[in-house]
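The values are calculated or read from the model by the stated rules, or taken from the named source; none is laboratory data. The structure presented is a predicted model; accordingly, all values stated were derived computationally and were not measured. Cβ placement follows ideal geometry from the backbone for every residue including glycine, while neighbour counts extend to all protein chains displayed. The protein model used for the area step is the full one, side chains on, heavy atoms only, and it has no ligands, DNA or RNA in it. Shrake-Rupley method; radii C 1.70, N 1.55, O 1.52, S 1.80 Å.
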Amino acid sequence: MRKPKQPNQSKMPMLLVALLLMFVISSCVEEKKTELADTSEIPVSLEMTAELTAPPNVPTPVGRRKAKKLIVEMEIIEKESEMTDGVRYVYWTFGGTVPGSFIRTRVGDEVEFHLQNHPDNKLPHNIDLHAVTGPGGGAESSFVAPGHEKVFSFKTLNPGLYVYHCATAPVGMHIANGMYGLILVEPEGGLPPVDKEYYIMQGDFYTKGKNGERGLQPFDMQKAVDEHADYVVFNGAVNALTGDNAITANVGETVRLFVGNGGPNLVSSFHVIGEIFDKVYVEGGDLVNENVQTTIIPAGGAAIVEFRVDVPGTFILVDHSIFRAFNKGALGMLNVQGEENEKIYSGEQYEGIYLPEGPGIQEMPTTNEIVESEIPAQNFEEQMEFGKQVYMQTCFACHQGEGQGVPNAFPPLAKSDYLNADVDRAISAVVNGLTGEITVNGEKYNSVMTRQMLSSEEVANVLTYVYNSWGNSGQVVTKQMVDKVKNK
Amino acid sequence: MFTHTFRVILVILTFQTVGFSQPEGMVNIKGSRYIPLYGRDSTVVEVKDFLMDAYPVTNQEFLDFLKKNPKWQKANILKLFADDNYLRQYTNDTVFNASPNSPATYVSWFAAKAYCECQGKRLPTIDEWEYVAMADEVTADARIKPSYNQKILSWYETPRTDKKEIGKTPKNYWGVYDMHGLVWEWALDFNSVLISGESRKDVDKDSNLFCGSAAIGATDLMNYAAFMRYAFRGSIKARFSIKNLGFRCAKDVETIP
């Protein structure tokens with residue numbers, strides 16, 4: 001909103017106007033001065049140990065507390081963990097998580113930083129906090145060998161949301177393995193209170209095997225140099241913010257997300273599907289932008305976004321460089337519970353079939369030939385395991401987690417008479433697609449299932465998984481059976 | 001009398017062996033010139049012929065040394081020579097809780113150096129160590145092979161390799177085992193390559209120091225694993241005793257008089 005016009009001053013004596021103006025100007029300057037008073041002069045009283053939290057949680061707001069001596073104890077741990085189903089990775093972490101523990105300070109705090117390198121670790125590390133004013137952001141004084149601890153102190157001079165990361169050679173590799181996190185410096189009096197606060201950080205990962213290739217995947221330096229990411233994820237793993245790990249809020253609440261981007265390479269176009277950011281603290285600084293759809297978060301940068309959730313549902317957090325979201329993992333979920341508000345959002349009102357070019361089977365375009373899985377399933381248990389992975393990647397969106405389907409749209413696979421009646425028909429539906437009216441468990445469905453670009457091996461695994469789940473017939477599907485249908 | 005004669009013969013025999021081939025457990029390394037990773041001017045270094053232990057020193061071997069040299073035992077060692085982690089795997093001065101054939105770790109540089117000197121040996125220099133370490137099973141300098149780098153890196157990413165036993169990794173070109181795959185190793189001049197700990201700043205150093213910027217250059221991509229070794233060496237001090245840090249000894253080649 002623009003400022004209202006000044007009252008008409010033409011009738012006032014010039015001198016008075018001038019005086020008035022001078023007063024206004026000087027008082028403005030005065031006000032600015034107090035606000036910008038040298039933050040290095042803020043006195044500290046007492047000492048406290050900083051609360052550190054694992055993502056997606058953040059510590060308690062600073063509120064009105066005075067500046068203090070704040071002791072931060074950060075432990076570096078190199079450990080193996082899951083990147084996505086069946087894929088493992090050796091992460092290097094601050095505090096045991098990717099991103100590292102969230103540090104919450106206020107302006108004027110004197111932070112005494114203890115950086116501890118776990119004795120089991122192989123490598124030396126250090127930390128560069130972007131909130132530090134000083135050489136290397138602390139990196140210079142925190143270079144620490146395994147089994148040792150380094151201590152350094154700094155005063156937080158500028159409020160804002162800052163990235164911290166490891167800066168040991170090769171720097172890119174330390175960051176690519178997950179060594180980054182966020183430190184928040186709140187202004188005097190704290191940020192305005194909100195209902196929910198969460199901590200989210202994007203990172204890109206480079207593995208020897210391509211996306212989805214099973215097993216323990218080593219870091220690939222060449223791909224990192226070429227900036228060809230295999231995974232782009234929030235909070236260190238593909239499913240870190242989905243399903244049971246989704247963040248939550250209730251209708252009417254205001255949500256604040258502290259969003260960082262560790263990189264090492266990619267810039268994030270952060271977007272929440274179905275929401276508009278009421279406020280964005282651009283790049284984590286003082287500048288507030290309003291009514292933003294997508295905000296850019298540079299590698300090694302951050303932003304604070306705030307929005308009120310008005311309707312219930314699942315809101316998807318994405319990097320809107322959209323292949324990263326749906327093919328590389330940059331996807332999270334915010335589950336909002338509460339009363340519907342049809343004035344704001346009606347939900348579906350009508351659905352029918354629209355086929356302008358005549359009926360036909362759609363096909364997902366692909367540029368690659370279907371490659372057979374490099375590790376075929378050896379037994380029934382593996383078939384079930386691999387089949388479940390395919391299901392979660394390919395079928396889950398429509399047929400849902402328990403095979404229950406979506407009423408009137410996608411038929412159920414659980415206890416499905418249609419499925420159990422004819423295995424060749426089921427195989428054909430997966431490899432050739434299926435369209436038109438069918439009746440499943442007494443309900444009519446008229447929809448389109450696209451042809452799935454899966455290898456025979458994968459089709460056999462996923463159908464075996466489906467047939468042996470949710471009260472189905474227990475049929476085992478082999479690669480040979482799939483090939484037979486394919487060659488018909 | 002008999003024992004005395006026996007000893008004399010033994011001594012003569014030993015000298016003979018030294019003169020003509022290599023002492024037990026050591027391997028002849030033929031010296032050469034090569035360009036190590038650090039140094040921005042592609043400085044060639046020369047490594048003379050020398051002998052190197054085929055295996056890292058094991059817990060058992062180090063215990064034998066401690067028994068003969070009590071001043072290096074956990075209770076007796078001067079604080080100047082080792083930090084509080086020294087011989088952490090030992091439950092008392094002469095009993096350790098680890099595999100006897102695993103590499104001896106939690107050993108400070110001073111203790112490692114003393115061990116080698118007691119054997120009439122010394123610690124290898126960085127140049128010597130790196131020279132031997134750049135070999136794979138078939139080539140003396142395998143640094144340009146992706147498989148070589150990948151193997152080393154996968155070790156860096158494997159936890160608890162210090163618990164492994166010596167001699168299980170393939171023998172390299174020189175006949176040396178376990179240069180990669182078990183533990184880091186002390187070098188005589190480990191702290192001669194100065195790095196400030198702020199790798200990005202080192203880029204601007206004028207002198208021939210460790211150069212962080214080179215990590216990005218294509219020539220060094222071939223051996224970026226080595227950067228981690230240099231970084232590691234830069235982070236330690238001579239009295240540090242670390243779980244993943246062991247050592248082996250080297251020796252100058254004695255010429256036949």
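Numbers for the structure displayed
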read-out	value
Efficiency of FRET between B:Thr139 and A:Lys343 - r from beta-carbon atoms, R0 56 angstrom, step 0.05	0.15
Residues of the range A:153-194 buried by at least 10 Å² on assembly (accessible area, 1.4 Å probe, chain alone as reference)	A:Ala167, A:Ala169, A:Pro170, A:Val171, A:Met173
Relative contact order for chain A, counting Cα pairs under 8 Å that sit 6 or more residues apart, in percent	10
On Cα atoms only, tilt of A:456-467 relative to the major axis of chain A in degrees	90
Links that overshoot a 18 Å alpha carbon limit, given the list A:Lys415/A:Lys444; B:Lys113/B:Lys171; B:Lys68/B:Lys113; A:Lys223/A:Lys388	B:Lys113/B:Lys171; A:Lys223/A:Lys388
Residue-level accessible surface for A:Met481, protein heavy atoms, 1.4 Å, Å²	50
Spatial separation of Cα centroids for the range B:59-107 and the range A:154-233, in angstrom	40
Carbon plus sulfur fraction of accessible area for the range A:79-179, probe 1.4 Å, in percent	48
Sequence-distant aspartates and glutamates (8 or more away, or on other chains) whose Cα lies within less than 14 Å of A:Lys488	A:Asp424
Accessible heavy-atom area order of A:Lys488, A:Lys388, A:Lys210, A:Lys415, highest first, probe of 1.4 Å	A:Lys488, A:Lys415, A:Lys210, A:Lys388
Accessible area that becomes buried as A packs against B, both chains, 1.4 Å probe, Å², nearest 100	2800
Whole-Å semi-axes of the ellipsoid equivalent to the range A:89-171 (Cα gyration tensor, √5λ, descending)	22, 14, 12
By accessible area with a 1.4 Å probe, ligands and nucleic acids excluded, highest first: order of A:Ile296, A:Ile304	A:Ile296, A:Ile304
Whole-angstrom gap from the range A:37-115 to the range A:459-488, using each part's C-alpha centre	50
Convex hull of Cα atoms in the range A:198-337, direction-averaged projection (nm²)	8.2
A:Cys398 - accessible surface, heavy atoms, 1.4 Å probe, Å² rounded to 10	50
Column: log10 I(q)/I(0), Debye, Cα scatterers of chain A, q = 0.12 Å⁻¹	-1.12
Karplus-derived 3J(HN,Hα), 6.51/-1.76/1.60, for each residue of the range B:120-130, Hz, glycine and proline x	x, 10, 8, 6, x, 7, 4, 4, 5, 4, 5
Largest-first ordering by accessible area, 1.4 Å probe, given options B:His180, A:His174	B:His180, A:His174
